[in-house]
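The values are calculated or read from the model by the stated rules, or taken from the named source; none is laboratory data. This structure is a prediction, so every number in the text was calculated from the model and none was measured. Don't worry about glycine lacking a Cβ; one is built from the backbone with ideal geometry, like all the others, and counts go over all protein chains shown.
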C-alpha cells in the first residue's frame, strides 16, 4: 500500500496546486467543454474534485479511540467498488451533486478551493497522525492516512480526465507513482500478477468505477 507518511499530504497539496494553476489559464468557453466522463463538463469535474474545507475540519471531531477498521486507501476503494458498493449504487447521485455544485460556484471560487482554501484546511489537520482513526458513515472507522491516499488518487485520476479535455502537462511523477501503487493494491494480487505476466485470461481491470 502507499506509505502513510507526510508525503501523501504534500503530494495532495501539489496536485491541488496543479488544478488551480490549470484553472487559472482556462477561458470561459473551456469551462463548458465536455470531458471523457459522459455528461460531465470541465466545470463539473472541477466542482466534483474541489476540496471541501469543512470536511477536513470535521475530521478532528470524528476522531475515535482504538484501531480503525479500514487502514488503507485500497481497503476503502475495495469496499466502494464491490458490486453493491457506493461507486455503483450512488453514481447517479454523485454526478448530480457535481452538477449542482458547479452551477452554484463560479470558476474563481473553484480555483480558490484548490489553491487556497483546501491547502489551508489540509495544513490545519497536519497534527493528526496518519494512523488516527476517524468515524466513517459507511465503513465504521478509517485512518486519516487512508482517506489521504484516496483523495490523492481522486485528484490524480481526474486530473488526467481534465488533461484529456483541455491539454497541459501530466500530473507530477510522485502523484502518478502513488496512484499507480494504490490501484495495483486494489486488484486481487494473483489475478493481477497473472494478467501482468501474460498468463491470466480473466478480466482484472478496471479496479475502480
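The condition (being surrounded by 15 or more Cβ atoms within 10 Å (Cβ to Cβ) and modelled with pLDDT of 95 or more) is satisfied by just one residue among 21, 14: 14.
Of the set (1) crowded, with 16+ Cβ neighbours inside 10 Å; (2) touching a strand residue (DSSP E or B) at 6+ places or on another chain (Cβ under 8 Å), all apply to residue 113 but (2).
The residue pairs whose first member lies in the stretch 156-177 and is at positive phi, whose second member is assigned to a helix (DSSP H, G or I) and at pLDDT 95 or above, and whose beta carbons are closer than 7 Å, counting only pairs six or more residues apart or on different chains, are 168/22.
Within the stretch 77-94, can you find the residues that are part of a loop (DSSP other than H, G, I, E, B) and surrounded by 12 or more Cβ atoms within 10 Å (Cβ to Cβ)?
Initial filter on the stretch 77-94 (part of a loop (DSSP other than H, G, I, E, B)): 82-85, 90.
Once the filter is applied, which keeps residues that are part of a loop (DSSP other than H, G, I, E, B) and surrounded by 12 or more Cβ atoms within 10 Å (Cβ to Cβ), the stretch 77-94 yields 85, 90.
Is it true that some residue in the stretch 149-156 is within 19 Å of residue 26 (Cα to Cα) and touching a strand residue (DSSP E or B) at 6+ places or on another chain (Cβ under 8 Å)? The answer is no, given that none of the residues of the stretch 149-156 is within 19 Å of residue 26 (Cα to Cα) and touching a strand residue (DSSP E or B) at 6+ places or on another chain (Cβ under 8 Å). Restricting attention to the stretch 183-205, the residues that are surrounded by 12 or more Cβ atoms within 10 Å (Cβ to Cβ) and either in contact (Cβ under 8 Å) with a residue 40 or more places away in the chain or under 22 Å from the mean Cα position of the chain (by Cα) (or both) total 7. Would you say residue 121 is over 20 Å from residue 86 (Cβ atoms), in contact (Cβ under 8 Å) with a residue 60 or more places away in the chain and not in a strand (DSSP E or B)? Yes. Using the structure shown, decide if residue 98 is modelled with pLDDT under 95, touching a helix residue (DSSP H, G or I) at 6+ places or on another chain (Cβ under 8 Å) and either assigned to a helix (DSSP H, G or I) or surrounded by fewer than 19 Cβ atoms within 10 Å (Cβ to Cβ) (or both). It is true that residue 98 is modelled with pLDDT under 95, touching a helix residue (DSSP H, G or I) at 6+ places or on another chain (Cβ under 8 Å) and either assigned to a helix (DSSP H, G or I) or surrounded by fewer than 19 Cβ atoms within 10 Å (Cβ to Cβ) (or both). Of all residues in the stretch 145-161, none are surrounded by fewer than 17 Cβ atoms within 10 Å (Cβ to Cβ) and in a loop (DSSP other than H, G, I, E, B).
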